[in-house]
Amino acid sequence: MMLENIILPDIIETPRLRLLQTVPDTQVSVMQAALRESRDILTPWFKWAELPETYEISTIQERLNQSRRNWASAMKKGIDYPYYITDKQTGDFQGCLGVMLFDCYEKPHAELGYWMRKAAHGKGYMPEAVQHLTDSLLDSGVLHKVTIVCRPVNVASARVAEKAGFVFEQRGDGTLCLRDPDADHEYMVFQRAVADQSD
């Protein structure tokens, strides 16, 4: 089956969260506050977090608009499809969980990338979100596995993967990170495969 045959739900419900393919424009200011408060924990891992324009309202709005355009068309490889993580009780933005599809191996697979606002750390939100999104991806009938790639020093990200049911696959150079290759760093790959799904 082809990548464009993947259909993911607009909303994914977890016990405490809603994962949304888009959020209202009124959330843009909330997203800006989340980015600003989290800048110090984002810059070690994300190149985009080093850019001053990342924290401007206009940039955040354009990225939201671009994500809407991405979701509106058939899914393609190498395109980021973000889910916005919101709190069920307040509806406020808590973080972002992106899906990127690839077919460079024997079968199509997805690689996840994520960040959670600083104020929401320590609540177990991200493993909860990752687990439920991965379930939906593997249930699509198209992907044979979902991967998370992080640097060995990013202990928090590796812990999220393990708590979400991913298992360590391999360790190697920057070519393992298909979302954002960086030859200057070593990476670890965690995966969940269709064969790992419980009945």
- Message: What's the total number of residues in the range 117-145 that are under 20 Å from SER29 (Cβ atoms) and in contact (Cβ under 8 Å) with a residue 40 or more places away in the chain?
- Response: 3
- Message: Looking only at the range 77-114, filter to residues that are of a type in the set (D, E, K, R) and more than 16 Å from the chain's Cα centre (by Cα); which one of those is surrounded by the most Cβ atoms within 10 Å (Cβ to Cβ)?
- Response: ASP92
- Query: What single numbered condition from (1) free of Cβ contacts under 8 Å to residues at least 60 places away in the same chain; (2) of a type in the set (Asp, Glu); (3) under 28 Å from VAL155 (Cβ atoms) fails to hold for GLU111?
  - Reply: (1)
- Query: Hey, among the residues in the range 103-114 that are assigned to a strand (DSSP E or B), out of contact with any helix residue (DSSP H, G or I) (no Cβ under 8 Å at 6 or more places or on another chain) and not charged (D, E, K, R), which one's modelled with the highest pLDDT?
  - Reply: GLY113
- Message: Pull out all pairs, ordered by first then second residue, where Cβ-Cβ is under 6 Å, the residues are six or more apart or on different chains, the first lies in the range 156-174 and is in a strand (DSSP E or B), and the second is surrounded by 14 or more Cβ atoms within 10 Å (Cβ to Cβ) and aromatic (Phe, Trp, Tyr).
- Response: PHE168/PHE190
- Filtering the range 1-39 down to residues that are under 16 Å from GLN66 (Cα atoms) and assigned to a helix (DSSP H, G or I), which residue is farthest from the chain's Cα centre (by Cα)? ASP25
- Could you grab me the full set of residues in the range 67-102 that are part of a helix (DSSP H, G or I) and within 23 Å of ILE148 (Cα to Cα)? SER67, ASN70, TRP71
- Message: Checking LEU64 against (1) under 16 Å from the mean Cα position of the chain (by Cα); (2) surrounded by fewer than 15 Cβ atoms within 10 Å (Cβ to Cβ); (3) of a type in the set (A, V, I, L, M, F, W, C): exactly one of these is not met. Which one?
- Response: (2)
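The values are calculated or read from the model by the stated rules, or taken from the named source; none is laboratory data. On a predicted model such as this, the values are computed, not experimentally measured, just so you know. Note: ideal-geometry Cβ built from the backbone for every residue, glycine included; neighbour counts use all protein chains shown.
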